[in-house]
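Q: Sharing a structure, written as structure tokens. Questions coming.
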Amino acid sequence: MKDVKTKASFSIVYILITLIILMLLQTWIAPKVENVSYSKFKQLIAEGKINSVVVSSRFLKGFDRIQDDHTEPLFPSLMYRTPRVDDQNLVPYLEQHNITIIGENENTFFATLLSWILPALIFVGIWYWAMKRMGQGAGGIMTLGKSKARIVAQTDVGVTFEDVAGQDEAKEELKEVLEFLRNPERFTRLGAKIPKGVLLVGPPGTGKTLLAKAVAGEAGVPFFSIGGSDFIEMFVGLGAARVRDLFEQANKMAPCLVFIDELDALGKARGAGTLGGHDEREQTLNQLLAEMDGFQSTKGVVILAATNRPEILDPALLRPGRFDRHILVDRPDLAGRIAILKVHTKSVILAPDVDLELIARRTPGFTGAELANLVNEAALLAARKDKQQVGNEEFDEALDRIVAGLEKKNRVLNEKEKRTVAYHESGHALVAAFRSTAEPVHKISIVPRGIGALGFTQQLPTEDRYLMSKTELLEKIDVLLGGRAAEEIVFGDITTGAQNDLQRATDIARSMVTLYGMTEKLGHVTYQPPPSPFLNSTPHPAAPREISDETARRIDEEVREIVEDRMKGASETLRQHEDLLHLVAEKLLEKETLEREEFLEIIGRALDSAESPEVTVPPPSELS
Ligand code: ADP
Ligand code: MG
Ligand code: ZN
């Protein structure tokens, strides 16, 4: 503080001294000026005190010296000045007294500059500085006017439908929308209404943004793209203004397409209490709703939006006439995954042994983004090993990494823990082997990976499934419980390692009771509010529970009964084959990972018949 103060006072003193020196200089150098009356001026001439006269538009200046080049003397000792009077006799009078007359065009440039432009400049400077300060402090006051810059029609995005693999249905629907835009009359002629709002719905990474870009690439109509959060501004009303602006422009450019990415940022249900910025979002949303109602769909403006959280969207947004057309962009199926892998390996040099189909089989539930990541990881690994091609080995490693997190080489389990994990995983694998509908075991591992996973048993579904029978669900529970059952049989004690298994088993059991009506006691009745119309979304938290306390108790009981019952079954299987359990676990302890073939070899041919590799179940196929 002290430092700053002395610095400041120092500079003030400095300025004062400079000013004083300047003033002194002025008085020293500048001629002494004596303002005199016109008659006195004339008199001075008559007295011979003036040698030369400078005549300007407003003044007469008399000097006691002359310069050779007849300009104003540089250092006159004295200067008399008088206002110019309209006196026709002046010039003859001067000539008569032999006075040098110097005409002067008064140079007003600097005077003007000083009196007018300079203050203006200073003013502007201060204003600019102040605005800049404010802008920094308050998070961008100066960006106010820049909003329009982003809302421009795009032309070349470099993405086409070719680049989007495995979303054929979504692509078909979007092509239809494009058809509307390219040729609106064809549809309106028959009285059909062109859809106003199209919502792309699906989990993150499934290619929604990519699809929208592809639409832009294929559109042949102007395409406006904006993120939902771009509308959320610091000032109330600004987002709404931006929405208005967007629609104004879109209307001018019709037919055209507007894309709002991450719609949930702006379209969250109103009143869903968030702190701050809440008013602003509400206003913006209201404006969007109003605009969507306002414009004529016949003009050919289609609003495309994307979200991965449809359940939190304000219901008003989904009403007919707004975003009433929903396109599901779901996780790709097997064929889709193969296609996506093909797209992303196009520019990768693959070894001949790489089988994309096998990789696709091993990655159920992966999204496009995850598959793209897998390919990239594999390529990176190959590059790190200075390989010429990306081989199967790299894909395997990349997959292991992504599936279960990076190998934690430094994580040490003590011998006892290791044994427990080995028996636990062997338990899963064996139960899976003895259940006809269970997915075949693909890999068993006790190499610790990532957080919390001490080992895993990977099962390989051979096809994507959309329907599951009661038997399949129950046997899935068996497999999940196999880990704990093995621990109990072998060690007579149980561990915390089964937590995730139990949770998943319980979830399945609960779904069977409350969602699928699969138990006798509670009947073919659904006890849960229906899930919202989109896949992978949870029921709205505010949805009413329509069950009595008594029913709730019976549900809990039933769930418990299922799990306990299946636990008994799993234990039973393992007890029957305890010798196999020991064999598998010991081998696992020795090798840390067992591939499918090794596992099958241990448990022998006898089980090959029990296992029909072509019939199996869907995604989450990994047990820890
Ligand atoms: P979303 O918007 O649904 O979250 P993105 O469109 O941003 O997902 O996808 C992220 C990336 O994942 C894309 O840039 C692309 O590389 C890859 N990707 C996702 N889905 C696909 C797909 N169906 N085909 C090809 N690549 C895909
Ligand atoms: Mg996106
Ligand atoms: Zn487990």
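Q: Tell me, what ³J(HN,Hα) does each residue in the range 55-62 have, in order and in whole Hz, if you take phi through Karplus 6.51 cos²θ - 1.76 cosθ + 1.60 with θ = phi - 60° and put x for Gly and Pro?
A: Karplus-based 3J(HN,Hα) across the range 55-62 equals 9, 10, 5, 10, 10, 10, 10, x Hz.
Q: A follow-up question, please. Semi-axes of the equivalent ellipsoid for the range 150-328, please: Cα gyration tensor eigenvalues, times 5, square-rooted, ordered largest first, whole Å. Before the final figure, lay out the partial values.
A: Values: eigenvalues 124, 68, 47 Å².
Working from the Cα gyration tensor, I get semi-axes of 25, 18, 15 Å.
Q: 5 Å is the cut-off here: which amide hydrogens, built 1.01 Å from N in the peptide plane, fall below it relative to Tyr527, excluding neighbours closer than 5 in sequence?
A: The answer is Leu515.
Q: What are the residues whose amide H is under 5 Å from the amide H of Val301, where those residues sit 5 or more places off or on another chain and H is modelled from the backbone?
A: Residues meeting the criterion, in which the H sits 1.01 Å from N, are Cys256.
Q: So with the 1.4 Å probe, I'd like the accessible area per residue for the range 332-407, rounded to whole Å². Don't jump to the answer; show the numbers that get you there.
A: Numbers: 3560 Å² over 76 residues.
It amounts to 47 Å² per residue over the range 332-407.
Q: Scan around Gly227 for amide H atoms under 5 Å from its own, H built in the peptide plane at 1.01 Å from N, and keep only partners 5 or more places away or cross-chain.
A: Placed amide hydrogens put Asp261 under 5 Å from Gly227.
Q: Moving on. Please list 44-54, 257-267 highest first by mean number of surrounding beta-carbon atoms within 10 Å per residue. Please list the in-between numbers first.
A: On the way: 44-54: 17.4, 257-267: 23.7.
So the peptides 44-54, 257-267, ranked by packing, come out 257-267, 44-54.
Q: Another one. Sort out for me the Cα centre separation of the range 289-348 from the range 458-523, rounded to whole Å.
A: For the range 289-348 versus the range 458-523, the Cα centre distance is 34 Å.
Q: Ignoring ligands, DNA and RNA, please state the percent of accessible area on the range 334-404 from carbon and sulfur, probe 1.4 Å. Don't skip to the answer; put the middle values down first.
A: Details: 1690 of 3290 Å².
Heavy-atom surface of the range 334-404 belonging to carbon and sulfur, 1.4 Å probe: 51 percent.
Q: Then there is this: Given a 1.4 angstrom probe, I'd like the percentage of the accessible area of the range 150-328 that is carbon and sulfur, rounded to a whole number. Write out the running numbers ahead of the final one.
A: Values: 3780 of 7650 Å².
That share works out to 49 percent.
Q: Ranking request for peptides 180-186, 426-432, 281-287: highest mean number of other beta-carbon atoms within 10 Å first, then the rest in descending order.
A: The most tightly packed comes first, giving 426-432, 281-287, 180-186.
Q: Under the Karplus relation 6.51 cos²θ - 1.76 cosθ + 1.60, θ = phi - 60°, what is the ordered set of whole-Hz ³J(HN,Hα) values for the range 238-248, x standing for Gly and Pro?
A: Going residue by residue, I get 6, x, 4, 4, 5, 4, 4, 4, 4, 6, 4 Hz, with x marking Gly and Pro.
Q: Using θ = phi - 60° and the Karplus form 6.51 cos²θ - 1.76 cosθ + 1.60, what ³J(HN,Hα) does each residue of the range 202-208 get, whole Hz, x for Gly and Pro?
A: Residue by residue, the range 202-208 yields x, x, x, x, 8, x, 5 Hz.
Q: Still on this structure, I have one more. Say each of Leu16 and Lys175 gets a label point 7 Å from the Cα, pointing the same way as Cα to Cβ; how far apart are those two points in nm?
A: Taking the two extended label points, one gets 8.5 nm.
Q: I've got another one for you. Of the cross-linked pairs Lys418/Lys568; Lys443/Lys568; Lys193/Lys268; Lys443/Lys591; Lys196/Lys342; Lys193/Lys252, which ones have a Cα-Cα span greater than 23 Å in the structure shown? Provide the component values of the computation, followed by the final result.
A: On the way: Lys418/Lys568 25 Å; Lys443/Lys568 25 Å; Lys193/Lys268 27 Å; Lys443/Lys591 12 Å; Lys196/Lys342 34 Å; Lys193/Lys252 20 Å.
Pairs exceeding 23 Å: Lys418/Lys568; Lys443/Lys568; Lys193/Lys268; Lys196/Lys342.
Q: Same structure again: Which value, to two decimals, describes the C-alpha radius of gyration of the range 279-344 once divided by 2.2 N^0.38 Å?
A: Working it through for the range 279-344, the quotient is 1.52.
Q: Quickly work out the Asp355-to-Lys591 label distance, labels modelled 7 Å from Cα along the C-beta direction, and quote it in nm with one decimal.
A: Between Lys591 and Asp355, the label points sit 1.8 nm apart.
The values are calculated or read from the model by the stated rules, or taken from the named source; none is laboratory data. Keep in mind it's a predicted model, so treat the numbers as computed, not measured. Using ideal geometry, Cβ is built from the backbone for each residue, glycine included, and neighbour counts are taken over all protein chains shown. With ligands, DNA and RNA removed, areas are computed over all heavy atoms of the protein, side chains included. Shrake-Rupley method; radii C 1.70, N 1.55, O 1.52, S 1.80 Å.
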